[in-house]
Every structure is written in C-alpha cells, then in structure tokens.
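As structure tokens, the structure follows; a few thoughts come after it.
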Amino acid sequence: MRVVIAEDSVLLREGLARLLADGGVETVAAVSDGSALVAAVREHDPDLAIVDVRMPPTHTDEGLRAALQVRAAKPGFPILVLSQYVEERYAGELIGRAVGYLLKERVADVAEFLAAVRQVAAGGTVIDPEVVVQLLSRQRRGAPLDSLSPRERQVLALMAEGRSNTAIAARLVVTEGAVEKPGIFAKLSLGPAPEDHRRVLAVLTYLGR
C-alpha cells in the first residue's frame, strides 16, 4: 500500500511515516500544507491520503478542503482524516463517504491505527468512537429512533464506528444473522432502494442529521 501524508507538524509527520513503514505501508510523500497534498496525490497516485484537518496558513480547515479537492478530482479516493479535537461540523458530513475520521490520540494504538488505514484504503469507513459519542450528545434525535430497542441502538452505534456485521456480531455475542435482520431499517422507514445505502442512512439518522 502507498500513502501520502499531509500534516504540518514535522514530528507527527515523521512519526506517522515510521509507524506506517513498520506496518508494511510505504509513504510516497509527506507534505505540510493543502496545496502540496493535492500536488502529491496527482503526482504519486497513492492508495490513500492521511490528512490533518487544520493546516497552514490559517490552521482552520485547510486540510479538509484540500482533501475534498482531491476527492473532486478523484471521486471515491480513500482519505483518513486526523484531528486533534472532534470537529462536529465536519464529522457528520464525512460519515458514509469511504473515509476515516480519527482523533490523533488513536495513533498511539498502532494496531488500531494500521487497521483503520487498511480499512479506509479498502473503501470502508472508520469513525472514532469519541466522535460518535459527541455527535450522539446533540439534542437532535428523530422520532423513529424511539422505536428502537436497546440492542438495536447498540448495533447502530457499532455501525457508526465502521464495524462490519461480523465484527458487530462478535462484539455483542450474537449471530451474524441477528445483526443482518432488517428490523432496524423497517423501524427507521428505510425500505430497499437501489440508489440508497440503507446502512449509511440508518447511521446518519442515528447521529441526528
């Protein structure tokens, strides 16, 4: 796997490259700002970009805007976003877009970080559990959620973390068939539709969007 890193902190940038190398992942470019990220992806055509939200010059959302620029040029391109804090205004929009969103503190768990890198590169979504918790704290619950059982809420929470049905079944000690039952979708009025991804829509409903 080949990745590009966009992070303005030299220490973290080099640390990420070392962790990735130890995990068998090649860093083809490590840059410090958004414009360099766009150029590096164009030049190296990597499998994944790891991007800090806040980068120069204003340290607000340059990294995220550069990532979206990359996605506009390469639809579906996998991106793992790293942030020092939970950026609620961005988190909801990132869910379901084949991206990852992790707090930087998660990098300390090397195995978990590398697993997230591989999952996002493969087209999956990984959302930091703390991001899920903070989004759920919003007072924006929809009425359909009231009909869910405690177990169904657990299933949705794990879906929001990017867990597969197999992983959810293992965590809750139930069969995979029990996780796959369409009861949650029915209670949320999410019928089968070829143009919709019911799993993503269910998670978005649960997060109060």
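The values are calculated or read from the model by the stated rules, or taken from the named source; none is laboratory data. Please read these numbers as outputs of a predicted model, since none were measured by experiment. Glycine gets a Cβ as well: all are built from the backbone with ideal geometry, and neighbour counts include every protein chain shown. Side chains included, ligands, DNA and RNA excluded: accessible areas come from the protein's heavy atoms. Shrake-Rupley method; radii C 1.70, N 1.55, O 1.52, S 1.80 Å.
Counting only residues that are assigned to a loop (DSSP other than H, G, I, E, B) and modelled with pLDDT under 85, which one in the stretch 117-128 is least open to solvent (accessible area, probe 1.4 Å)? Working first, answer last.
First, the residues of the stretch 117-128 that are assigned to a loop (DSSP other than H, G, I, E, B): 122-125, 128.
Remaining after also requiring modelled with pLDDT under 85: 124-125, 128.
Numbers: G124: 18, T125: 31, D128: 0 Å².
For the stretch 117-128, the residue satisfying everything is D128.
Evaluate the stretch 100-110: report whether one residue or more is in a loop (DSSP other than H, G, I, E, B), of a type in the set (S, T, Y) and either at pLDDT 80 or above or buried (at least 16 other Cβ atoms within 10 Å of the Cβ) (or both).
Of all residues in the stretch 100-110, those in a loop (DSSP other than H, G, I, E, B) come to 109.
From the residues that got through so far, the ones that are of a type in the set (S, T, Y) too are none.
No.
Has the stretch 13-20 got at least one residue that is without any contact (Cβ under 8 Å) to a residue 40 or more places away in the chain, open to solvent by less than 50 Å² (accessible area, probe 1.4 Å) and touching a strand residue (DSSP E or B) at 6+ places or on another chain (Cβ under 9 Å)?
yes
Note down all Cβ pairs under 7 Å where the first residue falls in the stretch 146-160 and is under 16 Å from G124 (Cα atoms), the second is open to solvent by 70 Å² or more (accessible area, probe 1.4 Å), and they're at least six residues apart or on different chains.
L158/R171
Given the options L20, L37, name the one that is within 15 Å of P78 (Cα to Cα) and of a type in the set (A, V, I, L, M). Explain how you work it out, then say what you get.
On the way: L20 fails: within 15 Å of P78 (Cα to Cα).
Matching residue, one of L20, L37: L37.
Kindly indicate whether D52 is within 19 Å of A121 (Cβ to Cβ) and open to solvent by 30 Å² or more (accessible area, probe 1.4 Å). Spell out the reasoning first.
Values: within 19 Å of A121 (Cβ to Cβ): yes; open to solvent by 30 Å² or more (accessible area, probe 1.4 Å): no.
Here the answer is no, as D52 does not meet what is asked.
So which residues in the stretch 55-74 are among the hydrophobic types (A, V, I, L, M, F, W, C) and open to solvent by less than 50 Å² (accessible area, probe 1.4 Å)?
Answer for the stretch 55-74, where residues must be among the hydrophobic types (A, V, I, L, M, F, W, C) and open to solvent by less than 50 Å² (accessible area, probe 1.4 Å): M55, L64, A66, A67, V70.
Looking at V131, is it modelled with pLDDT of 90 or more and within 30 Å of E14 (Cα to Cα)? Let's see the steps before the verdict.
Details: modelled with pLDDT of 90 or more: no; within 30 Å of E14 (Cα to Cα): yes.
Judged against the criteria, V131 is not a match.
Only one of these conditions is not met by Y85: (1) open to solvent by 10 Å² or more (accessible area, probe 1.4 Å); (2) at pLDDT 95 or above. Which number is it?
(2)
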